[in-house]
Amino acid sequence: MTDKMSTHQAEEDARNEEILIYVNGRIVPKAEATVSVYDSGFMLGDGVWEGLRLYNGCWAFMDEHIDRLFEAAKAIDLDIGLDRNGVKNAVLETQKANGMTTDAHARLMVTRGVKTRPFQHPQLSQQGPTKVIIMEHSRPKLPRPINLATVPHLRGLPMTQDPKLNSHSKLNCIIACIAAEKAGADEALMLDVNGFVNTTNACNFFIVRKGEVWTSTGDYCMNGITRQKVIDLCRANGIPVHERNYSLVDTYGADEAFLTGTFGAQTPVGEIDGRVIGSGQMGPVTERIRGLYKALIEQECA
C-alpha cells in the first residue's frame, strides 16, 4: 500500500515554527495565538472561513474570497466586525509582520465569538466575533497523483447544511475522509443526494472524457473560486466544459480526473475505488489547464 497523502500536503518549512498569527486585531507568536474554550467555533463549529494563496506578493483573487466570506457571514447572521477593507488590511498586516512574499497560504476564520454559557443558542455569544488569520509558508508537494475512494457520506441538501457554505462545521467531510482512508485511499469522493458524482471531502472534482471536461452541476458542492476559474479558462480556450450530472460509471471510464482548490490549484487523480483513471498519471488536458491557470495567476499577480 502506498503512503497516504492529502490534497493539502506541503513541503516541510522550519519557518512555520516562528510565524505570527492574527487574533482579534493583535499579531502574536504562534504559542500565544489562543482562543477561549467558550468560543463558539471551538464549542459548536459556529463560524465561517476562507483560504487564500500568496503568489509573488499578491493574494490571488482576494476580492472574490472576501466577497464569499461576507456572503457566508450574512447567511449565518454573523457580523464580522470589520468591513471589506478592514479584512483585507488584516491579511496584509499579517503578511507584512511575517515577511512573506510568495508561496504562502492564509486561513481566515471568523466565529460568533465567546459564549457566556456552554450552550447552543447564538444569543449566548455576546462578546463579538473571534477573528483569526493563520498564515504559513507552504509549497504544495505531491509525489504522485491522489487516490480516491467513494464513500457513503453525502454532501447534503441546502435545507440541512448548505454545502455551498464554507463553515467551520466540517465533521461530515472529516468522517468521509476517514472512511476513504480506511478503504486505503487518500481522500473521499462524495456523491450528491441523487447518487451523482459531486466533490471530494476537501476539493472540487473534475473528469475528462474524450477531450471534454465534466464537473458536477454545482448544486451540492462548495462553488469553489478555483473551480470557477477552471470552467472560465476552458470556455475561453476552446476546451469543451460541462456542469452536469454524471455517474461513477462515467467517472471510472474517464481519461483523466483532477481536483481543484486554492491550495493545490489542480491536483491529478490516479485511482478511484481501485480503478486506474487513464494512465494513472497527469493527463494532457489537466496539464494544459494547469498551464492556463498558471498564466492566469501570473497575470493576476504581475
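Table: residues versus (1) of a type in the set (Val, Ile, Thr); (2) not in a helix (DSSP H, G or I).
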{"position": "VAL48", "(1), (2)": "yes, yes"}
{"position": "LEU54", "(1), (2)": "no, yes"}
{"position": "ASP63", "(1), (2)": "no, no"}
{"position": "ALA73", "(1), (2)": "no, no"}
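When the stretch 149-201 is filtered for residues that are touching a strand residue (DSSP E or B) at 6+ places or on another chain (Cβ under 9 Å), under 23 Å from SER40 (Cα atoms) and in contact (Cβ under 8 Å) with a residue 60 or more places away in the chain, the ones remaining, listed by number, are LEU165, ASN166, SER167, HIS168, SER169.
Among strands (runs of 3 or more DSSP E) entirely within the stretch 76-187, having at least 2 residues that are assigned by TED's automatic domain parsing to the domain that holds ALA254 and among the aromatic types (Phe, Trp, Tyr) singles out no element at all. Within the stretch 198-217, the set of residues being within 15 Å of ALA149 (Cα to Cα) and touching a Cys at 6+ places or on another chain (Cβ under 9 Å) comprises ASN198, THR199, THR200, ASN201, ALA202, ASN204, PHE205.
Scanning the stretch 268-302 for residues that are acidic (Asp, Glu) and in contact with a strand residue (DSSP E or B) (Cβ under 6 Å, 6 or more places away or on another chain), we see that the one that is farthest from PRO145 (Cα to Cα) is ASP273.
The values are calculated or read from the model by the stated rules, or taken from the named source; none is laboratory data. Treat the numbers as computed from the prediction; the structure is a model and nothing was measured. Cβ coordinates were reconstructed from backbone atoms using ideal geometry, including for glycine residues, and neighbour counts include every protein chain displayed.
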